[in-house]
Amino acid sequence: MSSSQEEDKKPEDQKPQIILKVKSQDGDEVLFKIKKSTPLRKIMYAYCDRRGLKLDAFAFMFDGTRIRREDTPHELDMEDGDEIDAFRTMSGGLRADQRQWSYMVFDHNRL
């Protein structure tokens with residue numbers, strides 16, 4: 001067999017790079033070409049950089065599971081054309097070091 005015939009028989013998993021789509025809640029889609037062994041944090045940082053926001057502003061999900069920064073496409077069994085969902089994280093509420101007090105003022109003369 002010639003070397004070109006052997007290359008044609010490579011399984012899909014042996015492709016050195018795949019194309020992943022990151023889709024936001026507002027329908028914005030960005031395509032990224034990445035090696036299967038590269039941590040997905042590179043895509044996350046690049047996506048946030050394009051949007052002009054910090055990484056903490058987004059949560060990235062694949063097949064209903066939150067993606068960690070050190071995850072790779074190979075570990076998550078991602079294939080060419082898979083879609084990553086980017087959700088804006090909700091902010092609000094109180095941090096652990098904050099306290100909220102509510103005061104009620106009573107007029108004791110009216111009681």
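Taken together, the values in this text are just the output of simple stated rules run on the coordinates, not laboratory data. As the structure is a computational prediction, the values presented were derived from the model and not from experiment. We place every Cβ from the backbone using ideal geometry, glycine too, and count neighbours over all the protein chains shown.
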(request) Compute the signed sum of charges (Lys and Arg +1, Asp and Glu -1) over the other residues within less than 12 Å, Cβ to Cβ, of Ala59. (result) +2
(message) Take Asp77 and Thr89, extend 7 Å from each Cα along the Cα→Cβ direction, and tell me the distance between the two endpoints in nm.
(response) 2.8
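By how many nm would the segment from Lys21 to Asp49 grow when fully extended, if each residue of separation counts as 0.36 nm and the alpha-carbon distance is taken off?
Values: separation 28, 0.36 × 28 = 10.08 nm, distance 1.58 nm.
Stretched out fully, the Lys21 to Asp49 stretch lengthens by 8.5 nm.
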(message) Using amide H atoms built in the peptide plane, which far-off residues or other-chain residues are under 5 Å from Ile84 H to H?
(response) Lys21, Val22, Lys23
(message) What would the Debye equation give as log₁₀ I(q)/I(0) for the stretch 14-88 at q = 0.11, 0.16, 0.23 Å⁻¹, counting only Cα atoms as equal point scatterers?
(response) -0.23, -0.49, -1.06
